[in-house]
1. Could you please put Ile284, Ile207 in sequence from largest to smallest accessible area, using a 1.4 Å probe?
2. Please compute the contact order of region 204-323 in relative form: average sequence separation of alpha-carbon pairs under 8 Å and at least six residues apart, divided by the residue count, as a percent.
3. Rg and Dmax in Å for region 1-81, alpha carbons only: what are they?
4. Ordering Lys112, Lys167, Lys239, Lys383 by accessible area with a probe of 1.4 Å, largest first, what comes out?
5. Considering only DSSP beta bridges whose two residues both sit in the chain, what percent are antiparallel, to the nearest 5?
6. Report the Cα centroid-to-centroid distance between region 49-92 and region 312-375 in angstrom, as an integer.
7. Once you keep just the Cα pairs under 8 angstrom separated by 6 or more residues, what percentage relative contact order results for region 120-366?
8. Would you be so kind as to identify which of Gln56, Met82, Val94 lies farthest towards the positive end of the dipole of region 31-102, taking Lys and Arg as +1 and Asp and Glu as -1 on Cβ and the Cα centre as origin?
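The values are calculated or read from the model by the stated rules, or taken from the named source; none is laboratory data. What you see is a predicted model, and the numbers here were worked out from it, not measured in a lab. No Cβ is skipped: glycine too gets one built from the backbone with ideal geometry, and neighbour counts run over all protein chains shown. For accessibility, only protein heavy atoms count, side chains too; no ligands or nucleic acids. Shrake-Rupley method; radii C 1.70, N 1.55, O 1.52, S 1.80 Å.
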Amino acid sequence: MKIECIKTYHLRCQLDQPFGFSQWFYKQRNVLVVQVIASNGMSGWGECYGPADVIQAAVEKFYAPKVIGREPLSVDATWHFMWRASLDFARAGVMTAAMSGIDMALWDLKGKALGLSVSDLMGGKQRDYVPCYATGMYYVDLPENKLLPHLLEEAQGYVDEGYKALKIKVGKNPEFDIEFIRAMRARFPNTILAADSNHAFDLSEAIKVGKVLDECDYAWFEEPLSPEHIAQFRQLSDKCITPIATGECEQTRFGFQKLLGSGGVQLVQADLGYCGGPSEALKIRTLASSQGLNMIPHVWGTQFNLASACHFLATAYHEPGRAEEKPLFLEYDRTENPLRDDIFTHKVVVENGKACVPTGHGLGVAINLDAMRPYVVCETETK
Ligand code: MG
């Protein structure tokens, strides 16, 4: 079997209701989907996290011509072949995102070719269901005195659907954030809560907000600081009990080695469509595990990334091991996303806040090409 063709699809949808977070408002969603087709006609699918049009060029112009003709089951060998091909000028960034989508597609293809799920390929399932946390509570265009009750009502909807864990957005401004953090805890005393600032705070603001998260017993404080200021993570961690989570902006075992070296990160959040793909995510997990840390992937995109993360968590060994382990939660973004919800024939089934680990071959999810077609902005084919 050989890799015969690589196709890419830049998908875009306009949102009915724009939503915002600490950095900007989204009016549309974009994603790059990668299809690797083997000489026996089988296809594997993956996706990349980041600017779809730029990553599309990296796949089409750079990696795809090099990967065509390779044996598709040797996934790790192909990863290192791609890595060496771009090492001199692209050890991180959108080129690594491009590699991630190809790598994810090769895992899907390998599972289909061998009749195994990606969980099987990753070492075997430790669990059939993975608990999810609902990511939501993004900002809408309302004054703060109306925004807060609006966000609490949104959160109530997820609790009513059966979610035991929720993640809110913070980083608007510390005064609003602190009021929101406390209001969430008062309204949901028995729900696991986490807060994500998307690197909005300086160190003193992060400590101030972190102390309120401590007081309100939040499960983690996500991206409290800029990923560039690694030493500050340790300074924050020394002042707060709430675990500090980060990593969605980081890539490869080499990047994570530096990030975790600060000693100020307690929860690792690489994105499988960005960090280097499932192959590299497993290495990052091993690195994290060697420091007693767990990894719960960042997920933002289609069913391909969601399924990849679900298989990854199904196979996770919790650090430290114990009979009544703490759950490792799958991120389930609840914002409007037709590219995840409307164009797949087989999806990750989430009920009562729990994801059933797909049992089909490969990733176990399937896209409907006809349903995808209206969202395609640009497609490429390399043979
Ligand atoms: Mg985040």
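1. Highest to lowest solvent-accessible surface, that is Ile207, Ile284.
2. Averaging sequence separation for qualifying contacts and normalising by length gives 20 percent for region 204-323.
3. Radius of gyration, then largest Cα-Cα span, for region 1-81: 15.7, 47 Å.
4. Largest to smallest exposure gives the sequence Lys383, Lys239, Lys112, Lys167.
5. 60 percent
6. Cα centres, region 49-92 to region 312-375: 25 Å.
7. Reported relative contact order: 22 percent.
8. About the Cα centre, the residue reaching furthest to the positive side is Met82.
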